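Colleague: Quick one: structure below, then a few questions.
The values are calculated or read from the model by the stated rules, or taken from the named source; none is laboratory data. Since we're looking at a predicted model, the values are computed, not measured. Heads up, the Cβs are rebuilt from the backbone with ideal geometry, glycines too, and the neighbour counts pull from every protein chain shown. For the accessible areas, the whole protein counts, side chains as well, though only heavy atoms, and no ligand, DNA or RNA atoms are used. Shrake-Rupley method; radii C 1.70, N 1.55, O 1.52, S 1.80 Å.
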Amino acid sequence: MLDRPLPPDYRQARTKHFACKRAPAAPARTSALLFRIHAEWLALPAQAFQEVAERRLIHSLPHRRQGLVLGLVNIRGELLICVSLGQLLRLNQTSRREARLSSYDRLLVAKWSGHRFVFPADEVRGIHRFQAPELTEPPATLAKANLSYTQGILQWQGR
């Protein structure tokens with residue numbers, strides 16, 4: 001079977017096939033978890049998250065009542081550090097007393113650089129898949145801010 005002669009137009013057809021210009025491949029799809037902290041909608045890479053857990057009691061740490069660390073949370077029998085992403089991004093506009101009294105809908109369990117931690121979110125919308133070109137440049141006022149973690153703006157359901 002392999003020793004049989006090639007059809008007469010085989011070489012021409014193969015040459016024509018490989019000489020055609022290739023269409024550029026579509027960029028890889030990216031996924032991000034969409035969530036809300038206070039009034040701000042945020043998104044982080046989906047691979048950074050391990051779990052979305054129901055709200056639980058956050059156990060405060062002695063002498064750590066202020067700052068980014070909110071306390072410890074029991075997630076499936078493991079005590080994880082709970083941090084305030086809203087405070088890190090300066091989204092907290094409420095007083096400390098109101099922040100402690102407020103309840104969060106979900107706790108997001110993330111793993112970044114080998115460390116697991118938890119942060120509360122007011123609402124979680126789920127994973128959103130998008131093409132890389134859909135991520136637009138942030139406005140100049142945001143991009144040049146002293147504390148800017150923004151990589152881009154993603155339009156989602158008119159927001």
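Colleague: Measuring from label point to label point, each 7 Å out along Cα→Cβ, what is the Arg76 to Arg29 span in nm?
Modeller: Here the modelled spin labels are 2.5 nm apart.
Colleague: Counting heavy atoms of the protein chains only and a 1.4 Å probe, report the per residue accessible area for the range 11-54 as a whole number of Å². Write down the numbers at each step before the final one.
Modeller: Working: 3420 Å² over 44 residues.
Per residue, the range 11-54 has 78 Å² of solvent-accessible surface.
Colleague: Full extension from Val69 to Ala132: what is 0.36 nm times the residue separation minus their Cα-Cα distance, to one decimal in nm? Could the numbers behind the result be given before it?
Modeller: On the way: separation 63, 0.36 × 63 = 22.68 nm, distance 3.30 nm.
Full-extension gain reported as 19.4 nm.
Colleague: Right, another one. Would you mind calculating the gained length between Asp9 and His59 on full extension (0.36 nm times residue separation, minus the Cα-Cα distance), in nm to one decimal? Kindly include the intermediate steps, with their values, before the conclusion.
Modeller: Values: separation 50, 0.36 × 50 = 18.00 nm, distance 7.65 nm.
That pair, Asp9 and His59, stretches by 10.3 nm at full extension.
Colleague: Restricting to DSSP loop positions (anything but H, G, I, E, B) with no more than 10 other Cβ atoms inside 10 Å of their own Cβ, which trypsin sites (Lys or Arg not before Pro) remain in the range 1-93? Mind dumping the intermediate values first?
Modeller: Numbers: sites: Arg11, Arg14, Lys16, Lys21, Arg22, Arg29, Arg36, Arg55, Arg56, Arg64, Arg65, Arg76, Arg90; in loops: Lys21, Arg22, Arg55, Arg56, Arg64, Arg65, Arg76, Arg90.
Qualifying residues, ordered by number: Lys21, Arg22, Arg76, Arg90.
Colleague: Continuing with the same structure: Given a Förster distance of 35 angstrom, what is the FRET efficiency for Asp105 paired with Ala140, based on the Cβ-Cβ distance and rounded to 0.05? Walk me through the intermediate numbers first.
Modeller: Numbers: r = 34 Å, r/R0 = 0.96.
Calculated value: 0.55.
Colleague: At 0.36 nm per residue, minus the direct Cα-Cα distance, what do Glu40 and Arg159 gain on full extension? Give it in nm, one decimal, please.
Modeller: 41.8 nm
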